[in-house]
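The values are calculated or read from the model by the stated rules, or taken from the named source; none is laboratory data. What you see is a predicted model, and the numbers here were worked out from it, not measured in a lab. Counting neighbours? That spans all protein chains shown, and the Cβs are built from the backbone with ideal geometry, glycine included.
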Amino acid sequence: MRKAFVVVVAGVLWLAPAFGAAAHEQRAVGPLRLTVGWLEEPAYAGERNGISVEVTRGGTPIEDAELSAVVIFGGRDARTRSERMRMRSQVPGLYTAPLLPSQPGTYTFHLTGEAGDDEVDEYFTSGSGTFDDVRDPAADSFPVRVASTSDLAKRIDRAEERAASDARRARTATALAGGALALAVVALARGRRRG
């Protein structure tokens with residue numbers, strides 16, 4: 001019984017790193033192994049997060065990498081943002097950059113730089129089989145559905161459009177009232193001259 005327990009615990013400990021990095025993409029780049037994904041999984045739109053890149057060579061963490069990431073969101077009219085990766089002092093070989101993904105969807109990280117004598121120039125795209133796409137927080141909210149940031153932005157845009165339209169109507173009504181008042185004053189003045 002005790003031997004079976006030890007075997008089960010050893011198996012769980014052996015598989016734990018694989019489950020911990022399951023939401024990250026692992027790729028060999030020459031002698032390097034890069035493990036890339038979100039710092040916090042799952043990633044939600046409107047919540048603080050970051051890019052996570054682990055760099056190893058032969059299982060040994062690389063602590064002198066100089067990496068940058070260009071974050072790409074969208075297709076032809078893609079929006080980009082450049083981030084310099086910094087190593088986390090408490091985790092050798094782990095480089096991060098803060099990012100607050102503002103919209104749900106697919107994100108691509110274009111990593112460039114050097115790790116020791118090795119060059120890095122790789123694209124990592126979220127999705128099935130890699131790391132998670134950014135989720136809409138409303139989809140997972142419970143017990144009450146919380147509006148997503150994109151829903152709130154749409155509501156604000158509609159409210160601003162209504163307010164601008166109401167302001168235009170108010171200016172038109174004010175101009176018409178001013179014109180009517182001017183006509184009334186002229187008519188009153190003519191009526192006094194005649195009387």
Check: Quick one: residue 161 ticks every box in (1) in contact (Cβ under 8 Å) with a residue 40 or more places away in the chain; (2) within 29 Å of the chain's Cα centre (by Cα); (3) more than 30 Å from residue 43 (Cα to Cα) bar one, so which box is it?
Finding: (1)
Check: Is it true that residue 92 is surrounded by fewer than 16 Cβ atoms within 10 Å (Cβ to Cβ) and in the same structural domain as residue 60 (by TED's automatic domain parsing)?
Finding: yes
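Are any residues in segment 22-55 in a strand (DSSP E or B) and in contact with a helix residue (DSSP H, G or I) (Cβ under 9 Å, 6 or more places away or on another chain), and if so, which ones? Explain how you work it out, then say what you get.
Step one: filter segment 22-55 for residues in a strand (DSSP E or B), giving 25-29, 32-38, 44, 49-55.
Listed by number, the list holds a single entry, 44.
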Check: Just for segment 35-82: of the residues that are surrounded by 19 or more Cβ atoms within 10 Å (Cβ to Cβ) and among the aromatic types (Phe, Trp, Tyr), which one is nearest to the chain's Cα centre (by Cα)?
Finding: 44
Note to self: When you scan segment 128-149, do you find a residue that is in the same structural domain as residue 72 (by TED's automatic domain parsing), modelled with pLDDT under 95, at positive phi and not aliphatic (A, V, I, L, M), even just one?
What the structure shows: yes
Next item on the list: With the condition kept exactly as written, say whether any residue in segment 111-123 is buried (at least 18 other Cβ atoms within 10 Å of the Cβ), of a type in the set (Phe, Trp, Tyr) and within 27 Å of residue 59 (Cα to Cα).
Entry: no
